[in-house]
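I have placed the structure first, in the form of structure tokens, so that the comments after it can refer back to it.
Taken together, the values in this text are just the output of simple stated rules run on the coordinates, not laboratory data. Every value quoted in this text rests on a predicted model; they were computed, and no experiment measured them. Cβ coordinates were reconstructed from backbone atoms using ideal geometry, including for glycine residues, and neighbour counts include every protein chain displayed.
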Amino acid sequence: MAEYTQPRVEIVPNLCKACQRCVDVCKPGVIETNLENAFNELGYQWLVYKGEGCTGCGACFYACPEPGAIIVFKRTKAEEDVAGNGKAPK
Ligand code: SF4
Ligand code: SF4
């Protein structure tokens, strides 16, 4: 049985150009500028996931103009079954 996980995103620091489009489309507001005041190889202060609250909607992925910069992890079907109705996945 697949292990239960929450949806989440990862932003690849060196691919992010800090355009903020992902922030604009994220309804729960769970993406922010990195708080370490750090800059990537391209000179941008990349963005990060706050660590909780992502719904896995994918809006940030589609809004991001940089290929590969955002990775969205959704629940698997088996995980949805466990989370949604408590039944064991088939
Ligand atoms: S997948 Fe949706 S909720 Fe999660 S960070 Fe992206 S826009 Fe926000
Ligand atoms: S949309 Fe992409 S490039 Fe722009 S800030 Fe978000 S992750 Fe970075």
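May I ask you to compute the full-extension gain from ASN14 to TYR62, defined as 0.36 nm times their residue separation minus their alpha-carbon distance, rounded to one decimal in nm? List each step's numbers first, then the result.
On the way: separation 48, 0.36 × 48 = 17.28 nm, distance 1.84 nm.
Roughly 15.4 nm would be gained on extension.
Note down the relative contact order for the range 1-53 as a percent, whole number, built from C-alpha pairs under 8 angstrom at least six residues apart. Display every interim value, and only then the final one.
Numbers: 63 pairs, mean separation 22.4, N = 53.
Relative contact order here is 42 percent.
Would you please give the FRET efficiency between ILE71 and THR5, computed as 1/(1 + (r/R0)^6) with r the Cβ-Cβ distance and R0 = 22 Å, to the nearest 0.05? Spell out each step's value before the answer.
Numbers: r = 14 Å, r/R0 = 0.62.
The pair ILE71/THR5 has a calculated efficiency of 0.95.
Taking 0.36 nm per intervening residue step and subtracting the Cα-Cα distance, what contour gain separates ASN34 from LYS50 on full extension? Let's see the in-between values first.
Working: separation 16, 0.36 × 16 = 5.76 nm, distance 0.91 nm.
Result for the pair: 4.9 nm of gain on full extension.
Over 5 Å intervals from 0, what percent of Cα-Cα pairs in the range 3-64 sits in each interval?
Histogramming the range 3-64 at 5 Å steps yields 3, 20, 29, 24, 14, 7, 2, 0 percent.
Please report how many Lys pairs in the range 8-83 have alpha carbons closer than 23 angstrom, counting only residues at least 8 apart along the chain or sitting on separate chains. Mind dumping the intermediate values first?
Numbers: LYS17/LYS27; LYS17/LYS50; LYS27/LYS50; LYS27/LYS74; LYS50/LYS74.
For the range 8-83, qualifying lysine pairs total 5.
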